[in-house]
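Heads up, the thing below is written out as structure tokens.
Rule-based calculations on the coordinates, nothing more; no lab input. Being a predicted model, the structure only gives us computed values, none of them experimental. Because the Cβ atoms are built from the backbone with ideal geometry, glycine has one as well, and the counts that use them run over all protein chains shown.
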Amino acid sequence: MKYELDHIGVAIRHLDESIEFYQHILGGHLIDRYRSEAKGVESEIAIIDINGNRTELLAPTNNTTSPIARFIKQKGKGVHHIAYHVHDLDAALETLQQQGIRTLEKTLRTNKHGRRLIYLNPADTGGTIIEYCDYPNERKP
């Protein structure tokens, strides 16, 4: 299985301020900005490209139920997850199961860009939230 860094997700409180920093200080380009109120997401998301490297800025839209809000309360702002692109998410999930690595099954979803994703259980990854993702119908946005 080949793994390629897809993006890094960063938990933040104020999306506009963070976008400005990533654009004006780091020279990034805003690719997309959208809001997801889906259960288990409840975040406003901005995708920033810096020289071909992607950062997902994640701001909670509900300070009670958003997983990003819970993350910030527990660990503070900062890196939330590291996402790896896999060629075939279904095959990668089979491999994980054979290796005894659990996933957070409720996180399995397809986002608005057609990216299928799931988070691995941090208890099995040394505490880091790792996302596996693929783009079965399209190329990366």
(message) Students often check this: by mean Cβ neighbours within 10 Å, which of 1-12, 93-104 ranks highest, and how do the rest follow?
(response) 1-12, 93-104
(message) Over region 7-141, what is the relative contact order in percent, taking alpha-carbon pairs closer than 8 angstrom and at least six residues apart?
(response) 21
(request) Would you work out which of Val41, Gln97, His7 lies farthest towards the positive end of the dipole of the chain, given +1 charges on the beta-carbon of Lys and Arg and -1 on that of Asp and Glu, about the Cα centre? (result) Val41
(request) Please give the residues of region 101-123, grouped as numeric ranges, whose backbone N is less than 11 Å from a label point set 7 Å along the Cα-to-Cβ vector of Asn62. (result) none
(request) Could you please state, rounded to a whole Å, how far the C-alpha centre of region 45-76 is from the C-alpha centre of region 82-141? (result) 17
(request) Taking the Cα centre of region 1-70 as origin, work out the dipole magnitude from +1 charges on Lys and Arg Cβ and -1 charges on Asp and Glu Cβ, in debye rounded to 20. (result) 220
(request) Have a look at the DSSP beta bridges in the chain and tell me what percent are antiparallel, nearest 5. (result) 80
(request) With everything on Cα atoms, drop me the angle between helix 89-99 and the longest principal axis of the chain, reported from 0 to 90° to the nearest 10. (result) 60
(request) With unit charges on the beta carbon (Lys/Arg positive, Asp/Glu negative), name the residue among Gly52, His87, Ser18 whose Cα is farthest towards the positive pole of the charge dipole of region 9-88. (result) Ser18
(request) Quick one: dipole size for the chain, taken about the Cα centre, charges +1 on Lys/Arg Cβ and -1 on Asp/Glu Cβ, in debye to the nearest 20. (result) 340
